[in-house]
Amino acid sequence: LPVASIPGFSRDMTLFDAGFDASWEIDLIGRRDAQDAAAAAKEAQASAALRDIQLTLTAEVARAYIDLRTAEAESANVRAQADELAELTRLITLRQRAGLATKIEVESAASTEAAMRTAADARAADIAGARYRIARLIGFCIENFFQKPVMQVSVEYQTGILSGKRDFGCKIFTA
């Protein structure tokens, strides 16, 4: 736009334009304050939701860890009972050979022992399930998780998070 075509400017007058515009609006109703308050409330809501999710996740991990330790303790008890029942079956078998016990007593003891071994297998499945839940909750590779103790995996996971490492050596799942 030539300067001479602007009314009130002479041909030899220089026009400078910095490309800066400013405007000001009077907020009579308080709309800006209300928008600021609404944004602050949304931020507080998002922060509270994040804390809620973190607390829920922590509680779920703690519950899965307690389930794991409970299943491990029950498994140890059931295995010990199965071993005791195996010894009892052996003793009853010896008594039968000596003519002091019946075949029914031997079969009953063997059946009880077999039932206890089956219960031990169920406890092993409970342990695997609890380990799987913990691994998935913390976002760890399932294959690597089963090869190490739970506490070691937890420390490695926390260290990886703090260092910004996202792949914990897993080819299938990544955190």
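Couple of notes before you dig in:
- Only one of the numbered conditions (1) in contact (Cβ under 8 Å) with a residue 12 or more places away in the chain; (2) surrounded by fewer than 17 Cβ atoms within 10 Å (Cβ to Cβ) is not met by Ile127, and that is (2).
- Cβ-Cβ under 7 Å pairs, at least 6 apart or on other chains, segment 52-70 side in contact (Cβ under 8 Å) with a residue 12 or more places away in the chain and over 15 Å from Gly139 (Cα atoms), far side open to solvent by less than 60 Å² (accessible area, probe 1.4 Å) and part of a helix (DSSP H, G or I): Asp67/Ala130; Leu68/Ile127; Leu68/Ala130; Leu68/Arg131; Leu68/Ile134; Leu68/Val150
- Here Glu87 meets the list (1) surrounded by 10 or more Cβ atoms within 10 Å (Cβ to Cβ); (2) at pLDDT below 95 almost entirely, failing just condition (2).
- Boolean, Arg79 is in a helix (DSSP H, G or I) and modelled with pLDDT of 90 or more: yes
The values are calculated or read from the model by the stated rules, or taken from the named source; none is laboratory data. The shown structure was predicted, so the numbers you read here are calculated from the model rather than taken from an experiment. A quick note on method: Cβ atoms are made from the backbone with ideal geometry, for glycine too, and the neighbour counts reach across all protein chains shown. Accessible surface is based on the protein model in full, side chains and every heavy atom, while ligands, DNA and RNA are left aside. Shrake-Rupley method; radii C 1.70, N 1.55, O 1.52, S 1.80 Å.
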